[in-house]
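Trainee: Here it is: the structure, laid out below.
The values are calculated or read from the model by the stated rules, or taken from the named source; none is laboratory data. Being a predicted model, the structure only gives us computed values, none of them experimental. No Cβ is skipped: glycine too gets one built from the backbone with ideal geometry, and neighbour counts run over all protein chains shown.
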Amino acid sequence: MTKVYGCPVEVTLDVLGGKWKTVILRYLSNRALRYSQLQQRMPNITQRMLTLQLKELEEDGLIQRVVFEERIKRVEYSLTEYGKSVEPILELMCEWGKQRMREFNLQVRTMGTSGG
């Protein structure tokens, strides 16, 4: 059954909506990351929620999960070409957030990474 949407913003939010998906995509816009690296950058997300969000982003074609069969199996997540099309939206959201931080004197936790 095909979904019927009220407007294009609803379509966008259907794919990118929620607290964590855009944050995950923003971190992956710089480079491929392992699951543990994403967890470190997002200490307030539960393991279950991170796993669910990664699965949904993969199903929607925005990220890819690559398994490296090495001595110790390694899994990395990265943006697909389609996922890279979201980067301009994420950049605008980031700039809007920075402006709001300045206006309201808000602070962001820093970890020495440029993801937000």
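Trainee: Does region 76-86 contain at least one residue that is more than 16 Å from K21 (Cβ to Cβ), surrounded by 12 or more Cβ atoms within 10 Å (Cβ to Cβ) and at pLDDT 95 or above?
Mentor: Yes - at least one qualifying residue is present in region 76-86.
Trainee: Of the residues that sit in region 1-22 and are polar (S, T, N, Q) and closer than 17 Å to Y82 by Cβ, which one is surrounded by the fewest Cβ atoms within 10 Å (Cβ to Cβ)?
Mentor: T12
Trainee: Considering region 46-75 alone, what residues qualify as being surrounded by fewer than 12 Cβ atoms within 10 Å (Cβ to Cβ) and closer than 17 Å to S29 by Cβ?
Mentor: Matches in region 46-75: V66 only.
Trainee: Further, regarding this structure: Any residue in region 44-69 that's over 20 Å from E87 (Cα atoms): show its pairings with residues that are of a type in the set (K, R) and assigned to a strand (DSSP E or B) at Cβ separation under 9 Å, as long as the two are six or more apart or on different chains.
Mentor: Qualifying pairs under 9 Å: V66/R74; V67/R74; F68/R74.
Trainee: Would you mind listing the helices (runs of 4 or more DSSP H) fully within region 1-101 where at least 2 residues are in contact with a helix residue (DSSP H, G or I) (Cβ under 7 Å, 6 or more places away or on another chain)?
Mentor: 21-28, 35-41, 47-59
Trainee: Can you find a residue in region 16-34 that is of a type in the set (S, T, N, Q) and at pLDDT below 95?
Mentor: For region 16-34, residues of a type in the set (S, T, N, Q) and at pLDDT below 95: present.
Trainee: If you don't mind, there's one more thing I want to ask. Checking M93 against (1) closer than 19 Å to L13 by Cα; (2) in contact with a strand residue (DSSP E or B) (Cβ under 9 Å, 6 or more places away or on another chain), only one condition comes out false. Which one?
Mentor: Here M93 meets the rest and fails (2).
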